[in-house]
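J.: Next up is a structure, given as structure tokens.
The values are calculated or read from the model by the stated rules, or taken from the named source; none is laboratory data. Computed from a prediction, not measured in an experiment: that's the story for all the values here. Note that each Cβ is placed from the backbone with ideal geometry, even for glycine, and that neighbours are counted across all protein chains shown. With ligands, DNA and RNA removed, areas are computed over all heavy atoms of the protein, side chains included. Shrake-Rupley method; radii C 1.70, N 1.55, O 1.52, S 1.80 Å.
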Amino acid sequence: MKLWDFFHPPDRNEISDWGRNVRLSARERGQLNQKLDMIERLGFDTAHGLDFLAGPLKHHRHTYKLVVHAGRMLRPMLCLGPFDKRSEMTLLCGAIEKDWELDPPDAPARAEAKRQLLIDPKHAGEKLRVPHERF
């Protein structure tokens with residue numbers, strides 16, 4: 001499975017920015033990278049079956065959240081594809097869960113809006129993502 005990051009031209013990687021802004025610890029970065037590596041190796045179906053990929057989320061049927069138990073509960077939002085749903089996933093935005101609430105609370109809606117930009121032919125979606133950068 002190939003991983004992609006949502007990208008704001010000319011030079012802003014949404015996921016890398018999130019990681020810097022929330023100041024991920026070395027442990028959090030390691031655990032996040034480990035889960036993403038497992039998705040790449042095992043694929044969507046296996047990752048979903050192992051319960052570290054939750055979703056689709058309520059009211060956002062194309063959005064999933066990565067479940068990473070670290071110092072904080074990291075919940076990056078992602079989608080299958082959207083261009084090849086059999087072999088790729090795109091990380092759309094980051095979130096942290098505390099007391100069963102996401103921060104930011106609208107992370108699933110933000111993720112869906114970004115997915116819509118990717119699939120909108122007016123925005124040349126392929127240019128709105130880059131190969132995933134490790135944390």
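J.: Taking strands (runs of 3 or more DSSP E) that fall entirely within the stretch 82-135, which contain at least 3 residues that are surrounded by 22 or more Cβ atoms within 10 Å (Cβ to Cβ)? Don't jump to the end; show me each part of the working.
T.: On the way: elements: 88-93, 96-98, 101-103, 129-131.
In the stretch 82-135, the matching strands (runs of 3 or more DSSP E) lie at 88-93.
J.: Please determine whether any residue of the stretch 68-76 is open to solvent by less than 30 Å² (accessible area, probe 1.4 Å), over 15 Å from the mean Cα position of the chain (by Cα) and under 12 Å from Phe135 (Cβ atoms). Before the answer, list the steps.
T.: Taking the stretch 68-76 first, the residues open to solvent by less than 30 Å² (accessible area, probe 1.4 Å) are 68, 70, 74-76.
If we keep only those that are over 15 Å from the mean Cα position of the chain (by Cα) as well, we get 70.
When the remaining residues are screened for being under 12 Å from Phe135 (Cβ atoms), the result is 70.
Yes.
J.: Of the residues Pro121, Pro105, which single one is modelled with pLDDT under 90 and over 14 Å from the mean Cα position of the chain (by Cα)? Break it down stepwise before answering.
T.: Details: Pro105 fails: modelled with pLDDT under 90.
Sole residue among the options that is modelled with pLDDT under 90 and over 14 Å from the mean Cα position of the chain (by Cα): Pro121.
J.: Within the stretch 7-32, work out how many residues are of a type outside the set (A, V, I, L, M, F, W, C) and open to solvent by 60 Å² or more (accessible area, probe 1.4 Å). Steps first, please.
T.: Taking the stretch 7-32 as the starting set, the residues that turn out to be of a type outside the set (A, V, I, L, M, F, W, C) are 8-14, 16-17, 19-21, 23, 25, 27-31.
From the residues that got through so far, the ones that are open to solvent by 60 Å² or more (accessible area, probe 1.4 Å) too are 9-12, 20-21, 23, 27, 29.
Adding up the residues that qualify gives 9.
J.: Which one of these is charged (D, E, K, R), in contact with an Asp or Glu (Cβ under 9 Å, 6 or more places away or on another chain) and in contact (Cβ under 8 Å) with a residue 40 or more places away in the chain: Arg115, Arg129, Arg75? Break it down stepwise before answering.
T.: Numbers: Arg115 fails: in contact with an Asp or Glu (Cβ under 9 Å, 6 or more places away or on another chain); Arg75 fails: in contact (Cβ under 8 Å) with a residue 40 or more places away in the chain.
Unique residue meeting the criteria: Arg129.
J.: Take the residues in the stretch 2-26 that are among the charged types (D, E, K, R) and in contact with a helix residue (DSSP H, G or I) (Cβ under 9 Å, 6 or more places away or on another chain), then tell me which one is farthest from Arg129 (Cα to Cα). Break it down stepwise before answering.
T.: First, the residues of the stretch 2-26 that are among the charged types (D, E, K, R): 2, 5, 11-12, 14, 17, 20, 23.
Narrowing further to those that are in contact with a helix residue (DSSP H, G or I) (Cβ under 9 Å, 6 or more places away or on another chain): 2, 5, 14.
Details: Lys2: 12, Asp5: 5, Glu14: 9 Å.
Of everything passing the filter in the stretch 2-26, Lys2 is farthest from Arg129 (Cα to Cα).
J.: Restricting to the stretch 1-27, what's the tally of residues that are under 15 Å from the mean Cα position of the chain (by Cα), in a helix (DSSP H, G or I) and in contact (Cβ under 8 Å) with a residue 24 or more places away in the chain?
T.: Residues meeting the conditions: 5.
J.: Yes or no: His59 under 14 Å from Glu97 (Cα atoms) and over 12 Å from the mean Cα position of the chain (by Cα)? Outline the logic, then answer.
T.: On the way: under 14 Å from Glu97 (Cα atoms): no; over 12 Å from the mean Cα position of the chain (by Cα): yes.
In short, no.
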